[in-house]
Amino acid sequence: MTDAQIARKTSSRPFAALIDRTPIAFDAEMGAELRAAFSDLAPEVRDVLAGAGGCAPYLKGLIDREAEWLREALVMDPDAAIADAFAIPGIEAGQGATLGSDLRRAKRRVALFTALADLAGVWPLEKVTGALTDFAGLATDLALKAEIGREIARGKLPGMTETDLPTAAGVVALAMGKMGAGELNYSSDIDLILVFDQDRYAPEDFDDARAILIRATRRVAALLSENTAEGYVFRTDLRLRPDPSVTPVILSMEAAERYYESLGRTWERAAHIKARPCAGDIEAGWAYLDRLRPFVWRKHLDFAAIQDAHDMRLRIREHKGLGGPITLPGHDMKLGRGGIREIEFFTQTRQLIAGGRDPDLRLRSTVEGLAALAAKGWVPDDVARTLTDHYRCHRTVEHRVQMVHDAQTHRLPQSDDGFRRLACMMGISDPDTLKGDLTDALAEVHDLTEGFFAPAPSQPLATGLAEDELAIVEGWKAYPALRSSRAVEIFDRLKPDLLSRFEKAARPREALLNFDKFLSRLPAGVQLFSLFEANPSLVDLIVDIAATAPALSVYLGQNAAVLDAVIGGDFFTDWPGEERLRADLAEALTEASDYEACLDTARRWQKEWHFRIGVHHLRGLISADDAGHQYTDLAEAVITALWPVVVEEFARKHGDPPGEGAALIGMGSLGARRISAASDLDLIVIYDAPGDAESTGKRPLGARAYYARLTQALVTALTAPMPEGRLYEVDMRLRPSGRQGPVATSLTSFGDYQRNEAWTWEHLALTRARAVAGDDAIGEAVEAIREEILSRTRDASATIKDVIDMRARIAEAKGDQSPLEPKIGPGRIQDIELTAQCAAVLSPVTPRATADQIGAGVDIGWITPDEAQALIAAYGLLRRLQTASKLITDGPLDLDAIGEGARSFLLRETGTEDTEGLIARATTCAARAADAIDAILARTPGDLA
């Protein structure tokens, strides 16, 4: 049914005007009798009644019993009619002795009217199931409050009075399954889990209260389920609670939470996708479900859920005897092949996989879940549409089967007469047409879902491996990732394809060796191997990384969860920029439950983006310059988002920051926006507070001690190893007085120090200083001091002599370096940056970027254009070499050790054809830069004029 058709079905028009189809009376004589009995109604309405009663004996009985009410209901707007069924006099009080009778009368009317609206096409499926679900919620709430009210009135619930009745004294009924999703079928059980808020009761009253609540819960189930002369309300199933064979019918929320945290299984996670509070203390119920969110929705993509769901399907088939080919007579439309449960498992499993990372997928309805999965790219649009159509059709057939005798069955008829009756209820004159449609639909559902769940059988191993390579593969069995039999089972299915892909790689042996490093560092394998099995393209990326970037392979082994981001949908989109990154992390931190969770969240988030930058660089999607800026954006986003979290946590003990607060100043590569994959963060902290200022918390501190300890808290937040690893190493040696100075400096002291005490090297470092987080006004004040200091007239000869001395000390300390050492040595990165910073100090302008500083040197007549070109050319080449080498190795660059794949990456990045050419070019560029620097430092600004 299209959205337009559904909208028409929910418009406020009389029942007769909305009839879309008419059931055909299986019992023609009964149909004629009903037409005559309702001769006062419109002909099309009489036809519906005749078809309904002439097909379903149960509906005929309801029509006879509720004829008087039905006459009035069928001339109303359908929504008004169903509301009237809900609102039988006395039902809202929920306290009297007639509650059971009132609920049963209401159930008869609701069941009758929804059946007629369904059979006549007046309501779409979602409206039918929604009406049944709404009534189930109302009935449960009334029954629960009636029984709780009885115990309160008797004074049996300790501490509870009539004022506690609206919240059922802290008891909440959770609707599970189809009731939770608003999808109750015509003859559904209702699945409920009842829990109570133990905090509503004094500890000494807990046992007495629990005993009373257990008794009340049993009476609620009996009130709803008992089949009297007036029928029943709903068969009620309480067995979805934790460990139902040994636990009482109602548990405390605390006990339930402990169970799920320690023993909860995948099927219980799937069941809670649809859970919602439907009766009692609704607010407490939502809070309880929110606390269960980490159990249901895992923080990483959970592809292991596929195997769990597949195993569950097989157990159901085996238990119910539903294996084998599709045969229509007696086929189970719910649990059989191609049935309703297949579509629900397909949807819920994908929701479990990705819903932990994407809250938009946390939907209870199957149809809404499929639509959301399609919108996010987890299910192809055509598959989602096909399964949605079949789901609605299957549910419609299920309703018709159940309407005949109000039987809780999902099986198709066994006889030809049964199929003819079912076809009549569907408004189809030829049963063979119905059979053909059902066969096709069941087969298509099975084909679409089975391939997702059923793993492909293992294939024979490739035989093209050398003997030592086979030994490596054999050694994988001893790795931690393959400790469990389940991990071994999944990996054995993956291994043939994996090795085949290695053989097809440009450098097969290197790919195998580096994959071995990756695998050896994995702490566990089930989740990751399931991820690979469900996403073959991810294996290609792993092979690519293994063949090219050994260091990235090792990083992956220690941080395999970052692969979640690759299949999250936007891994290869354009870089979002620092502002969006900052907002994204800040939002993620609001979801964390406490300070430690914030730090782990930040680590998990940072690793995914850090990995993305590396992969983009490795695959040539971005340049080394782009990577440097992106790594900087990422670091700034982390610092900016974490700083207020650290301040808030620190203030809980020591009060709000005294004075105006503090600013975090990025120095070195961070200030120049050129950090690499393995860079430390150079930071200093500047605060603005009077010397005698003090915080006002539980444990107040003076301003100097406060900001020193706050800075240490920040450093710990960034550097501490946690379950999710560490964020960055932090270097604070560029603060005033270096290691001897305080870790946080007041704004006044910072200005005085820079004006009166700072060494030349400290002014050189100041050229790259930049506020990256904290108080904007303090950051602006630091920038004003920077500009003041750097624009001062100074003795150029003395400054240049200091730089010459620094070069000599560096050369003496570092000694001879490899020709491919990018950073240290004459004409290398540090040497060029030192000269460029000197130019910035001697210039009236204050640029931060190295190329701009060199340009400033040209402007003041200190550097010739040819020298500038030599410096910029060497700096660009060596920066590219450094950025690329940090991605492929975490040690000194050794061209022989890194392998052919990594060498090819370096050659691509540096624009050279072979390793000899790379060495020659790096050596030549560095030599030219060193000669230029020698010449530059031999003169003073203006000499060139």
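The values are calculated or read from the model by the stated rules, or taken from the named source; none is laboratory data. Everything quoted here is computed from the prediction, not taken from an experiment. All Cβ positions, even for glycine, are placed from backbone atoms using ideal geometry, and neighbour counts span all protein chains on display. Areas reflect the complete protein model, heavy atoms only, side chains present, ligands, DNA and RNA absent. Shrake-Rupley method; radii C 1.70, N 1.55, O 1.52, S 1.80 Å.
Checking F135 against (1) touching a strand residue (DSSP E or B) at 6+ places or on another chain (Cβ under 8 Å); (2) within 30 Å of R362 (Cα to Cα); (3) buried (at least 23 other Cβ atoms within 10 Å of the Cβ): exactly one of these is not met. Which one?
(1)
Tell me, yes or no, whether the stretch 212-219 has at least one residue that is part of a loop (DSSP other than H, G, I, E, B), crowded, with 16+ Cβ neighbours inside 10 Å and either hydroxyl-bearing (S, T, Y) or at pLDDT below 95 (or both).
no
Any idea which of D118, D191 is of a type outside the set (A, V, I, L, M) and part of a helix (DSSP H, G or I)?
D118
Considering (1) open to solvent by 20 Å² or more (accessible area, probe 1.4 Å); (2) under 18 Å from I675 (Cβ atoms), say which one L727 fails and leave the rest.
Looking at each condition in turn, L727 falls short on (1).
Please list, ordered by first then second residue, the pairs with beta carbon atoms under 8 Å, 6 or more apart or interchain, first in the stretch 761-776 and open to solvent by less than 40 Å² (accessible area, probe 1.4 Å), second in a loop (DSSP other than H, G, I, E, B) and among the hydroxyl-bearing types (S, T, Y).
Note: pairs meeting the criteria are T767/T846.
Pull up the stretch 619-641, narrow it to residues that are crowded, with 23+ Cβ neighbours inside 10 Å and in contact (Cβ under 8 Å) with a residue 60 or more places away in the chain, then point me to the one that is farthest from the chain's Cα centre (by Cα).
Top of the filtered list is G628.
Give the residue that is surrounded by the most Cβ atoms within 10 Å (Cβ to Cβ), with candidates limited to residues of the stretch 227-275 that are in a loop (DSSP other than H, G, I, E, B) and among the aromatic types (F, W, Y).
Among those that are in a loop (DSSP other than H, G, I, E, B) and among the aromatic types (F, W, Y), it is F234.
Considering only residues that are small (G, A, S) and assigned to a helix (DSSP H, G or I), look in the stretch 618-641 and name the one that is nearest to T711 (Cα to Cα).
A641
Just give me the residues in the stretch 892-914 being open to solvent by less than 60 Å² (accessible area, probe 1.4 Å) and over 19 Å from G620 (Cβ atoms), in sequence order.
Answer for the stretch 892-914, where residues must be open to solvent by less than 60 Å² (accessible area, probe 1.4 Å) and over 19 Å from G620 (Cβ atoms): L893, L895.
So for the stretch 352-365 (the condition being of a type in the set (S, T, Y) and in a helix (DSSP H, G or I)), does at least one residue qualify?
no
For the stretch 820-838, name all the residues that are assigned to a loop (DSSP other than H, G, I, E, B) and open to solvent by less than 60 Å² (accessible area, probe 1.4 Å).
Passing the criteria: L820, E821, P822, I824, G825, G827, R828.
Check whether at least one residue in the stretch 57-67 is over 25 Å from D430 (Cβ atoms) and acidic (D, E), and report yes or no.
Yes, because at least one residue in the stretch 57-67 is over 25 Å from D430 (Cβ atoms) and acidic (D, E).
Return the pair list, or none, for Cβ contacts closer than 7 Å from residues in the stretch 43-62 that are touching a residue at least 60 places away in the same chain (Cβ under 8 Å) to residues that are open to solvent by 10 Å² or more (accessible area, probe 1.4 Å) and among the hydroxyl-bearing types (S, T, Y), at least 6 apart or on different chains.
The qualifying pairs are V48/T22; G51/T22.
Please go through the stretch 644-667 and pick out each residue that is of a type outside the set (D, E, K, R), touching a residue at least 40 places away in the same chain (Cβ under 8 Å), out of contact with any Lys or Arg (no Cβ under 6 Å at 6 or more places or on another chain) and part of a helix (DSSP H, G or I).
Within the stretch 644-667, V645, V646, V647, F650, A651 meet the criteria.
Can you tell me which residue in the stretch 196-208 is surrounded by the fewest Cβ atoms within 10 Å (Cβ to Cβ), limited to those that are out of contact with any Lys or Arg (no Cβ under 8 Å at 6 or more places or on another chain) and among the hydrophobic types (A, V, I, L, M, F, W, C)?
A202
I want to confirm something. Restricting to the stretch 345-359 and keeping residues that are in contact with a helix residue (DSSP H, G or I) (Cβ under 6 Å, 6 or more places away or on another chain) and open to solvent by 10 Å² or more (accessible area, probe 1.4 Å), which single residue is modelled with the lowest pLDDT?
Checking each candidate, the answer is R350.
If I go through the stretch 739-753 residue by residue, how many of them are open to solvent by 10 Å² or more (accessible area, probe 1.4 Å) and assigned to a helix (DSSP H, G or I)?
Of the residues in that region, 7 qualify.
From the list A713, A662, A677, pick out the single residue that is crowded, with 22+ Cβ neighbours inside 10 Å, in contact with a helix residue (DSSP H, G or I) (Cβ under 7 Å, 6 or more places away or on another chain) and over 21 Å from K823 (Cα atoms).
Answer to the check: A662.
Can you find a residue in the stretch 371-387 that is closer than 30 Å to A56 by Cβ, touching a helix residue (DSSP H, G or I) at 6+ places or on another chain (Cβ under 7 Å), modelled with pLDDT of 95 or more and buried (at least 20 other Cβ atoms within 10 Å of the Cβ)?
Yes, some residue in the stretch 371-387 is closer than 30 Å to A56 by Cβ, touching a helix residue (DSSP H, G or I) at 6+ places or on another chain (Cβ under 7 Å), modelled with pLDDT of 95 or more and buried (at least 20 other Cβ atoms within 10 Å of the Cβ).
How many of the residues making up the stretch 499-518 are touching a residue at least 12 places away in the same chain (Cβ under 8 Å) and out of contact with any helix residue (DSSP H, G or I) (no Cβ under 6 Å at 6 or more places or on another chain)?
6
Considering G280, G339, G330, which residue is at pLDDT 90 or above, buried (at least 22 other Cβ atoms within 10 Å of the Cβ), farther than 30 Å from L142 by Cβ and touching a strand residue (DSSP E or B) at 6+ places or on another chain (Cβ under 7 Å)?
Just a single option satisfies the conditions, and that option is G339.
What pairs can you find where one residue is in the stretch 417-441 and hydroxyl-bearing (S, T, Y), the other is surrounded by 15 or more Cβ atoms within 10 Å (Cβ to Cβ) and at pLDDT below 95, and their Cβ atoms are less than 7 Å apart, with a gap of 6+ or different chains?
S429/I24; T439/I326; T439/L328
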